[in-house]
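**Student:** Take a look at the following structure, please.
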Amino acid sequence: MTNHWIDLQHSDCILIMGSNAAEHHPIAFKWMLRGKEKNGTRLIHVDPRFTRTSARCDYHVPLRSGTDIAFLGGMINYILSSDKYFKDYVVNYTNASFIVAEDFGFNDGLFTGYDKDKKKYNKETWVFEKDFSGNPKKDPSLNHPRCVFQLLKKHYSRYTLEKASSITGVSKEDLMKVYTDYGSTGTGTRAGTICYALGWTHHSTGTQNIRTMAMIQLLLGNIGICGGGVNALRGEPNVQGSTDHCILYGNLPGYLKMPQASHVSLEKYLKKYTPVTNDPQSPNYYQNYPKFYVSFLKSLFDDKGTPENEFGYSWMPKLDDGVPYSLMHLFDAMYKGTVKGLFSVGTDPAVSSPNANKVRKALEKLDWLVSANIFDNETCSFWKGPGVDPKKIKTECFLLPASASMEKEGSQTNSGRWVQWKYKAAEAPGEAIPVGEMFIKIIGAVQTLYAKEGGINSEPILNFKCDYHDRSGNFVALEAAKQINGYFLRDTVIKDKVFKKGQLVPTFGMLQDDGSTCSGNWLMAGSFTAGGENNMTKRGKDDPTGLGLYPNWTWAWPVNRRILYNRASCDINGRPYNPKRKLLEWTGEKWVGDVPDGGWAPMADKQNGKYPFIMKADGVGSLFGPGMAEGPFSEHYEPYESPLSKNPLSSQLNNPALHVFDNDMDQTASGSEKFPYVCTTYSCTEHWCSGALTRWQAWLLEMQPEAYIEISENLAQEKGIKNGERVKVSSARGFVKCVAMVTKRFRPFLVEGRTVHQVGLPFNYGWLFPEDGGDSANILTPSVGDANTHCPEYKAFMVNVTKV
């Protein structure tokens, strides 16, 4: 989240889209309801299904799964054509005025530079014209035909009310209702925010879904302000903390980039990822990337990493250039027999991964599988699953009993980046131990083996620092947290202040690139004070601004800043756009309020002032975003499996940058009479994720005992299906049997002049337990994902439903 949960109450209009916040993020939703009750916040829910969230909002708007960009593109068209954008913000704080290269263009669903054979873009034309100083040329009047603003206006003019309605299945009246309500926030004195979750990310255009809303927020001036922002609702499995600490294959902790094979030296790697600008008013804070990365290397290799060996850079694993290593690619390689072993930690991919039958077949080709979990699950026990003969399985399986979250201490990070330290509440049963301790013990044993017997490429293993344990060998989370924060490794003087060797680094602004500091995650530098006080344990309730920032309640990354890009809440002279929600203000000497996103003067001061978007090389928000795989502007493409055989907006049916798997188990069917219904997956309230934890709890299982499918009354009547009857749900990849829940929560859509039905299944069930409780909905989902992140498209695919 750019903002935080408590801040939601300050919004004038909240658009909940791609989220069932009431059921899955109830603490966040509490603050939305508080805003509604106390401040008259308008709550809008846009979702294919009517849920408990819909029931508490002012109104619900159903749309066909996979059409979010058409919906939001229509909103952009409305904002621009009706002059609802906040011009002062757009001109000064975005790249709307930048002049795009003359040979850039867009035609029939494709931008310039597309290579059809490679399914990839050459982005040479996705650039700005430069002036004599090497900075982008600008037209602050926004009238130049090739400025970003005019290109944006032209691109989204195609998203008329009629076209958006025809694609999404949303009535024109409902579209205008949302557009008018949300578009009213672009005044400087009003605020609008978006709250989304997996309903946006689980699409083949997932990243562009989020980016489209970010563009709307920039146009309305809603980034960096109290009650605004782009806010991902993340929750139960410590999702925010896990991504901060690099659960994604392309990242290192703190969202640093994984090295690639072509980065043969530390110098080449740092040159690749350290941005350069010629604009003296751009903070370009990522110019400090070498300090963050060298400090990270020192956290791994300690005194074994020296300037002479590039601080151990050669010991780091490298990705092959252009080769994705996502979950889907992992199981595809496993299915082909090129992966020999798997650690499955706190997860159940045989239930939770797309095309689950393929995943289960892939597991059969492993030599060994280690599963670390609280309970047994379908992944660890795949060898005795439906249709599997254990005698024919070669995979040796190990189940390591893990401590539950309340049986260990450590940090948890909520959606608003607040990192809170929690204490151990109970001892784990039997031989269960924390996962951190498992890895400490395994790594220690491997290091001992290498020290004794040697081995190929032994240096990174033997030189890896992993001593976060007590004398008995038990993992000490606090010591690991301190290493993540970072230390001074020698006496260091910074701005006339002396820090002694062994002191903790109090802020990432003090990290160095000469090997004198270490930090396992630069974002977390400051989670401890230099003297060792754990800021994550703070529980102060003072609120100086009255805005619910609570600066002394725990600690938020970065540097305890509660709202990111907060200098954009003020005009170029540092005066708050909205004095009633004064997040920051420039006194003439300093900023007061929240921790400012950089202490520089406002940008009107040409000598000392800086732009507000400090992590961007150009210092402004990107309406034109050349970093995206499928285009600098978002574009509606149909889901990979769609009820339509033609994209209503262009000749390009699907995302042109998709990676498509083509082996025998990756069958798909789009525009097919055999699979005529749109299907989506989600979680029910009573179960958690794959259900691997909650299906063992009798009281939860009693409430939701088996797999079910929700279908509309219209479709049920058409198919002759009654509530409670058993049905077979099939896709091109397989089928599941479950109970039919005939409901008013789904309704048919009118899409391109014809009726399209949508159905939905929870993904909380698996064959292992309970007996006859049904199997995973992900047997039905395809192995296809977003072109930027490869996040699977769980939320839109095609099925058939028949009575058993």
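**Student:** In whole Å, what is the distance between the alpha-carbon centres of the range 25-87 and the range 535-577?
**Tutor:** 26
**Student:** Then there is this: At 0.36 nm per residue, minus the direct Cα-Cα distance, what do Asp103 and Lys590 gain on full extension? Give it in nm, one decimal, please.
**Tutor:** 170.9 nm
**Student:** Sticking with this structure for a sec: Would you mind checking the pairs Lys336/Lys674; Lys482/Lys590; Lys408/Lys441; Lys646/Lys795 and listing those with alpha carbons more than 24 angstrom apart?
**Tutor:** From the list (Lys336/Lys674; Lys482/Lys590; Lys408/Lys441; Lys646/Lys795), the Cα-Cα distance tops 24 Å for Lys336/Lys674; Lys482/Lys590.
**Student:** Are there DSSP H segments in the chain that both extend 24 Å or more along their axis (alpha-carbon positions) and score a mean Kyte-Doolittle hydropathy of at least 0.0? List them, or say none.
**Tutor:** In the chain, the long hydrophobic H runs are 435-453.
**Student:** Ranked highest first by average number of other Cβ atoms within 10 Å, how do 426-432, 215-221 line up?
**Tutor:** Highest to lowest by the protection proxy: 215-221, 426-432.
**Student:** How much of the DSSP bridge set in the range 677-803 is antiparallel, in percent, rounded to the nearest 5?
**Tutor:** 65
**Student:** Another question, then. What residue among Tyr677, Ser731, Gln717 has its Cα farthest toward the positive end of the dipole of the range 677-803, where the charges are +1 on Lys, Arg and -1 on Asp, Glu, each on the Cβ?
**Tutor:** Toward the positive end, the furthest listed residue is Gln717.
**Student:** A further question follows. If I model a spin label as a point 7 Å beyond the Cα along the Cα-Cβ vector, how far apart are those points for Lys384 and Lys538 in nm?
**Tutor:** Output for this residue pair reads 5.2 nm.
**Student:** Work out how much length Glu124 to Ser458 would gain on full extension: take 0.36 nm times their residue separation and subtract the Cα-Cα distance, in nm to one decimal.
**Tutor:** Contour length minus the Cα-Cα distance gives 116.1 nm.
**Student:** Only Cα pairs under 8 Å and at least 6 apart count here; give the relative contact order of the chain as a rounded whole percent.
**Tutor:** For the chain, the relative contact order is 16 percent.
**Student:** Going through the range 65-144, which chymotrypsin sites (Phe, Trp or Tyr not before Pro) have at most 14 other Cβ atoms within 10 Å and a DSSP loop state?
**Tutor:** Loop-located and lightly packed - Phe132.
**Student:** For n ≥ 4 DSSP H runs only, could you compute -39500 (n - 2.57) per run for the chain, divide by its residues and tell me the 222 nm figure to the nearest 500?
**Tutor:** -6500 deg cm²/dmol
**Student:** Mind checking which aspartates and glutamates have their C-alpha under 16 Å from Lys130, skipping anything on the same chain fewer than 8 residues away?
**Tutor:** Within reach: Glu102, Asp103, Asp139, Asp279, Asp618.
**Student:** Summing +1 for each Lys or Arg and -1 for each Asp or Glu, what net charge is found among the other residues whose Cβ lies under 12 Å from the Cβ of Val90?
**Tutor:** Net charge around Val90: +1.
**Student:** Report, in listed order, any pair from Lys268/Lys465; Lys38/Lys163; Lys137/Lys616 with a Cα-Cα distance greater than 28 Å.
**Tutor:** In this structure, Lys38/Lys163 lie more than 28 Å apart at Cα.
**Student:** Please work out how much length the chain gains when fully extended from Arg34 to Gln412, using 0.36 nm per residue of separation minus the C-alpha to C-alpha distance, in nm with one decimal.
**Tutor:** In short, 133.6 nm is gained.
**Student:** Sticking with this structure for a sec: Excluding Ser282 itself, what net charge comes from residues whose Cβ is under 9 Å from its Cβ, given Lys and Arg +1 and Asp and Glu -1?
**Tutor:** Value of the local net charge: 0.
**Student:** Given the pairs Lys257/Lys291; Lys291/Lys501; Lys30/Lys87; Lys87/Lys177; Lys538/Lys610, which are separated by over 21 angstrom at their Cα positions?
**Tutor:** In this structure, Lys30/Lys87; Lys87/Lys177; Lys538/Lys610 lie more than 21 Å apart at Cα.
**Student:** Another question, then. For an R0 of 30 angstrom, estimate the FRET efficiency from the Cβ-Cβ distance between Asp131 and Thr160 and round to the nearest 0.05.
**Tutor:** After rounding, the FRET efficiency stands at 0.25.
**Student:** Residues in the range 407-437, backbone N under 15 Å from the label point at Glu479 (7 Å along the Cα-to-beta-carbon vector): list them, ranges by number please.
**Tutor:** Output list for this probe position: 436-437.
**Student:** Local charge sum around Ile14 (other residues, Cβ-Cβ under 14 Å, Lys/Arg +1, Asp/Glu -1)?
**Tutor:** Here the count lands on +1.
**Student:** Can you compute the FRET efficiency between Lys394 and Val804 using 1/(1 + (r/R0)^6), with r the Cβ-Cβ distance and R0 = 30 Å? Round to the nearest 0.05.
**Tutor:** It comes out at approximately 0.30.
**Student:** Here is a further query. By DSSP, what percent of the beta bridges with both residues in the chain are antiparallel, rounded to the nearest 5?
**Tutor:** So the antiparallel bridges amount to about 55 percent of the total.
**Student:** Then there's this: Can you list the trypsin sites (Lys or Arg not before Pro) in the range 85-164 that are in a DSSP coil and have 10 or fewer other beta carbons within 10 angstrom?
**Tutor:** Lys116, Lys118
**Student:** Projected onto the charge dipole of the range 581-711 (+1 at Lys/Arg Cβ, -1 at Asp/Glu Cβ, origin at the Cα centre), which of Gln652, Ser634, Met703 gives the Cα projection farthest towards the positive end?
**Tutor:** Of the listed residues, the answer is Ser634.
**Student:** While we're looking at this one, here's another question. Residues of the range 742-767 with the amide nitrogen closer than 14 Å to a label point 7 Å from the Cα of Asn723, along Cα-to-Cβ, please.
**Tutor:** 742-746, by backbone N distance to the label point.
**Student:** Related question: I'd like the trypsin sites (Lys or Arg not before Pro) in the range 507-553 restricted to DSSP loop residues with at most 16 other Cβ atoms within 10 Å, sorted by number.
**Tutor:** Lys538, Lys541
**Student:** Continuing with the same structure: Taking the alpha-carbon distance from Lys120 and a cut-off under 19 Å, which lysines remain once sequence neighbours fewer than 8 residues away in the same chain are dropped?
**Tutor:** none
**Student:** Let me ask something additional. How do Glu396, Glu378 rank by accessible surface area computed with a 1.4 Å probe, from largest to smallest?
**Tutor:** Descending accessible area places them as Glu396, Glu378.
**Student:** With volume of the Cα convex hull per residue in Å³ as the read-out, I listed [x] 160; [y] 197; [z] 171; which label goes with the value calculated from this structure?
**Tutor:** It is the value labelled [z].
**Student:** Still on this structure, please answer the following. Based on the alpha-carbon gyration tensor of the range 677-803 and its eigenvalue square roots a ≥ b ≥ c, which shape applies: rounded if a/c is under 1.5, prolate if not and a/b is larger than b/c, or oblate?
**Tutor:** In terms of gyration-tensor shape, oblate.
**Student:** Another question, if that's okay. When the solvent-accessible surface of protein heavy atoms is calculated with a 1.4 angstrom probe, in what order do Glu585, Glu638, Glu308 fall, highest first?
**Tutor:** Glu308, Glu585, Glu638
The values are calculated or read from the model by the stated rules, or taken from the named source; none is laboratory data. Just so it is clear, the structure is predicted and the values come from calculations on it, not from any experiment. Glycine also receives a Cβ, built like all others from the backbone with ideal geometry; neighbour counts cover every protein chain displayed. In case anyone asks, the SASA skips ligands and DNA or RNA and just uses the protein heavy atoms, side chains included. Shrake-Rupley method; radii C 1.70, N 1.55, O 1.52, S 1.80 Å.
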